[in-house]
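A short worksheet on the structure shown next.
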Amino acid sequence: MHMQSPPVNSLSLDFLTELCISLEKLEMDKGCRGLIITSVLSNQPKVFSAGLDILEMYGKSPEHCGEFWKVVQEMWLKFYGSNMGSSPAGGCLLSLTCDYRIMADNPRYTIGLNETQLGIVAPFWFKETMVNTVGHRNTEVALQLGLLYKPAEALKIGLVDQLVPEDQVFTVASQTMTKWLTIPGNVSVITTKSTLNLLFSFQLWCFNLV
Ligand SMILES: CCCCC/C=C/C(=O)SCCNC(=O)CCNC(=O)[C@H](O)C(C)(C)COP(=O)(O)OP(=O)(O)OC[C@H]1O[C@@H](n2cnc3c(N)ncnc32)[C@H](O)[C@@H]1OP(=O)(O)O
């Protein structure tokens, strides 16, 4: 799946809604067993996603905000595989929801949950996804300082799984996907993933009840 919402693939209500609809279609397609998500911005190829669209969080009606947060949570529940350039905040969440993260090895790119740098708080499901990936202590430091990691640092704490030269990202992502798809039967993989996220999904469900 190629993301192309200029200038920086920021995650607006419209963009996220389209993303979730596309994902639902793929989920129903029996021929689809995996998904690689990447950015193909023609004017801005170095950005995976700039995160949540800042303009969605200011001066909107309560109904609009409700719709927006619902679709942000839906996005969290759906992803599988990714490759990337810069991925701040919601862009980082988007890649954290994937099973495997491949990052272009260019020190100009960064990834992380930088919300505190913006004076806002990363929602608890952003935080939990980060803890599940890099552990509690790394998350504590990363979130409180709002750190954006360069590729080598991100690899070191396990925020990404692999660094590759920029021109090889898609090829390596395809090879990795092929390896994952050798696991027999989708059901075992899907059930394992659901089990890993069970407590967390339940928390999110409870949160939406209050
Ligand atoms: C209260 C609850 C909080 C919930 C949690 C929040 C999660 C979030 O995701 S908040 C968003 C966090 N995102 C960021 O901090 C990223 C900010 N952007 C950047 O760091 C950079 O733009 C970049 C690294 C993604 C790209 O840099 P560069 O190539 O230099 O491009 P520009 O900075 O010139 O940006 C171009 C254009 O895009 C607009 N823009 C950038 N980010 C966003 C965004 N997140 N939402 C909306 N618009 C964004 C930027 O303003 C520029 O617009 P113009 O000035 O009109 O050209």
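The values are calculated or read from the model by the stated rules, or taken from the named source; none is laboratory data. Just so it is clear, the model here is predicted, and its values are computed rather than measured. Cβ sites come from the backbone with ideal geometry, for glycine too, and all protein chains shown count toward neighbours.
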Out of K30, K25, which single residue is surrounded by fewer than 13 Cβ atoms within 10 Å (Cβ to Cβ), at pLDDT 90 or above, farther than 27 Å from I120 by Cβ and not hydrophobic (A, V, I, L, M, F, W, C)?
K25
Just give me the residues in the range 126-179 being aliphatic (A, V, I, L, M) and within 26 Å of V71 (Cβ to Cβ), in sequence order.
M130, V131, V134, A142, L143, L148, L159, V160, A173, M177
Long-range neighbours under 7 Å by Cβ, at least six apart or interchain, first residue near the ligand (Cβ under 10 Å from one of its atoms) within the range 54-76, second not in a helix (DSSP H, G or I)
E56/S12; V72/L52
Yes or no: the range 153-167 includes at least one residue that is buried (at least 18 other Cβ atoms within 10 Å of the Cβ), within 16 Å of the ligand (Cβ to nearest atom) and not in a helix (DSSP H, G or I).
yes
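Yes or no, residue by residue, for (1) touching a strand residue (DSSP E or B) at 6+ places or on another chain (Cβ under 6 Å); (2) not in a loop (DSSP other than H, G, I, E, B):
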{"position": "E74", "(1), (2)": "no, yes"}
{"position": "C98", "(1), (2)": "yes, no"}
{"position": "I102", "(1), (2)": "yes, yes"}
{"position": "Q117", "(1), (2)": "no, yes"}
{"position": "L147", "(1), (2)": "yes, no"}
Out of all the residues in the range 20-47, which are part of a helix (DSSP H, G or I) and either more than 20 Å from M177 (Cα to Cα) or within 14 Å of the ligand (Cβ to nearest atom) (or both)?
C20, I21
Which one is surrounded by the fewest Cβ atoms within 10 Å (Cβ to Cβ), of the residues in the range 90-149 that are away from the ligand (no atom under 13 Å from the Cβ) and polar (S, T, N, Q)?
Q144
